[in-house]
Structures are given as C-alpha cells and as structure tokens.
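Each value in this text was obtained by applying a stated rule to the coordinates, not by laboratory testing. Remember, it's a predicted structure, so these values are computed and weren't measured experimentally.
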Amino acid sequence: MAQTDMRAVIAKDIQDLSPDTLEEVHNYIVKLKEQGLGLGEQKADLMAFAGSWAEMSDEEYKTLMEDINQHRQQAFSERPRDEIGLD
C-alpha cells in the first residue's frame with residue numbers, strides 16, 4: 001500500500017476510536033518518536049544534531065565558516081576546470 005493511502009486509512013481508523021483508545025494511540029506514537037522509530041533511523045540520527053549551532057559562540061561560528069570556505073576553495077582549486085563547469 002502506498003504511503004499516502006496508508007496515511008488515509010490510518011486517519012479514517014483514528015476517527016472511529018474511543019477517546020480512551022485515542023489517548024493510547026497518541027501515547028504509542030509519542031513513544032515511537034522518542035525511540036526514533038517513527039522517523040527512520042537516519043533521520044533520527046540527523047535530528048540529534050538539530051540546533052547544535054545555536055549554542056555556538058559568534059567567534060566559533062565565524063571560525064567554522066572561514067574553515068568551510070577555505071576547504072571549499074582548496075577542494076575546487078585542485079579539480080580540473082572542465083569538471084567544475086568553469087569553461
């Protein structure tokens with residue numbers, strides 16, 4: 001079954017649940033998300049880094065951006081011009 005079809009079926013099934021059962025379903029979904037099971041393992045791993053730059057000082061951020069730019073320049077300066085589309 002396609003993902004959109006599955007979501008529609010689940011949404012319809014949820015409409016028929018009693019309030020008590022609805023709360024149980026909600027708690028189960030929350031538990032899955034906490035375990036990373038609702039997001040897929042790779043996405044959950046990536047989300048672990050979300051907001052990690054928020055705690056970075058302005059000086060650390062500036063240094064990071066300078067390092068990134070320097071590494072990009074080095075990487076592209078060593079590639080043949082035709083490979084990077086600068087003909």
TODO: Convert each backbone phi in the range 11-17 into a coupling constant with the Karplus relation 6.51 cos²θ - 1.76 cosθ + 1.60 (shift: θ = phi - 60°), then list the ³J(HN,Hα) values in order as whole Hz, x for Gly and Pro.
DONE: 4, 5, 4, 5, 4, 8, 7
TODO: Calculate, in nm to one decimal, what Ser18 and Gln70 gain on full extension: separation in residues at 0.36 nm each, minus their alpha carbon distance.
DONE: 12.8 nm
Task: In Hz, Karplus ³J(HN,Hα) per residue of the range 57-67 (6.51, -1.76, 1.60; θ = phi - 60°; x = Gly, Pro) - done: 5, 4, 5, 5, 5, 4, 4, 4, 5, 5, 4
